[in-house]
Amino acid sequence: MSSETTRLKMALLQPAQAQKHVTVNEALMRLDGMVNLVLQSVSVTTPPGAVLDGQCWGVPVGAQAAWAGQGGKVAVGANGGWIFLPPQRGMRAFVADRGVEAIHDGIGWSVGAMSLGTGGSGLSVGMAEGEVVLTSGATATTPVFIPSGAMVIGAVARVTTAITGTATGWRLGTTGALNRFGQGLGKQQGSWARGMLGSPMTYYAAEPLIVTAEGGTFTAGRIALAVHWLELRLPS
């Protein structure tokens, strides 16, 4: 008889085994982490300073310290240390620092995957978010980028600190289409833009979101931004 389960490598109780509670408790710790799996990240290479029971991380290749040599596995926090489990093809997880789900393709996590064919192709969803701090001027290039090859569904924004200056409003867009995601937008804190495109647009080169003043210039202010897209995954 096997000594452990196939997928989560949980030790099985053996006949006349002593201290059965130890085996059962460790199995429960693994289940607590892996059921409805949430990965804090799949790209962070250094373990967090504090280990939280049940918190999980996708360990990337080249990880350091307590994760060294565990690339590709899921690190589950347990009793101040780590349990390392091998993910299986088809497993799903929410990747917290990316804001999207991922499917394991048998080699690594396909972040944003909505579908995953036997040949490796699939459809993925993606998003990027950030904040732009406005200073004196009429235009602000934001740190939020649309990646190459992305079919953009739309972009959203919210003024988190009121915009000051002579501008009467602002626009949100990209190079060559500065109002693609909105125009005539408000300056007050809490003003927002929901720029959903009637016809999704594919970008064949990476582009940043750009904020442009209308009727004047900016002096100060802050805007939180996000852009959402679809991508096609090539076959393996």
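Here is how the numbers come out for the structure above:
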{"quantity": "Considering residues of region 135-153 that are closer than 30 Å to GLY216 by Cβ and among the polar types (S, T, N, Q) only, the residue farthest from the chain's Cα centre (by Cα)", "calculated": "SER136"}
{"quantity": "Residue list for region 162-179, restricted to those being on the phi > 0 side of the Ramachandran plot and not in a strand (DSSP E or B)", "calculated": "GLY176"}
{"quantity": "Residue list for region 114-129, filter: open to solvent by 20 Å² or more (accessible area, probe 1.4 Å), part of a loop (DSSP other than H, G, I, E, B) and touching a residue at least 60 places away in the same chain (Cβ under 8 Å)", "calculated": "LEU116, GLY117, GLY119, SER121"}
{"quantity": "Residue count for region 91-104, restricted to those that are touching a residue at least 24 places away in the same chain (Cβ under 8 Å), open to solvent by less than 50 Å² (accessible area, probe 1.4 Å) and not hydrophobic (A, V, I, L, M, F, W, C)", "calculated": "1"}
{"quantity": "From the options VAL211, VAL159, VAL111, VAL132, residue that is buried (at least 19 other Cβ atoms within 10 Å of the Cβ) and within 18 Å of the chain's Cα centre (by Cα)", "calculated": "VAL111"}
{"quantity": "Test: residue in region 222-234 that is of a type in the set (Lys, Arg), within 23 Å of the chain's Cα centre (by Cα), closer than 30 Å to GLY119 by Cβ and surrounded by 14 or more Cβ atoms within 10 Å (Cβ to Cβ)", "calculated": "yes"}
{"quantity": "Residues being over 11 Å from TRP170 (Cα atoms) and part of a strand (DSSP E or B) - total across region 193-222", "calculated": "17"}
{"quantity": "Residue count, region 57-81 (criterion: touching a residue at least 24 places away in the same chain (Cβ under 8 Å) and either of a type in the set (A, V, I, L, M) or open to solvent by less than 50 Å² (accessible area, probe 1.4 Å) (or both))", "calculated": "9"}
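The values are calculated or read from the model by the stated rules, or taken from the named source; none is laboratory data. Keep in mind that what you see is a predicted model, and the values were worked out from it rather than measured. We place every Cβ from the backbone using ideal geometry, glycine too, and count neighbours over all the protein chains shown. The protein model used for the area step is the full one, side chains on, heavy atoms only, and it has no ligands, DNA or RNA in it. Shrake-Rupley method; radii C 1.70, N 1.55, O 1.52, S 1.80 Å.
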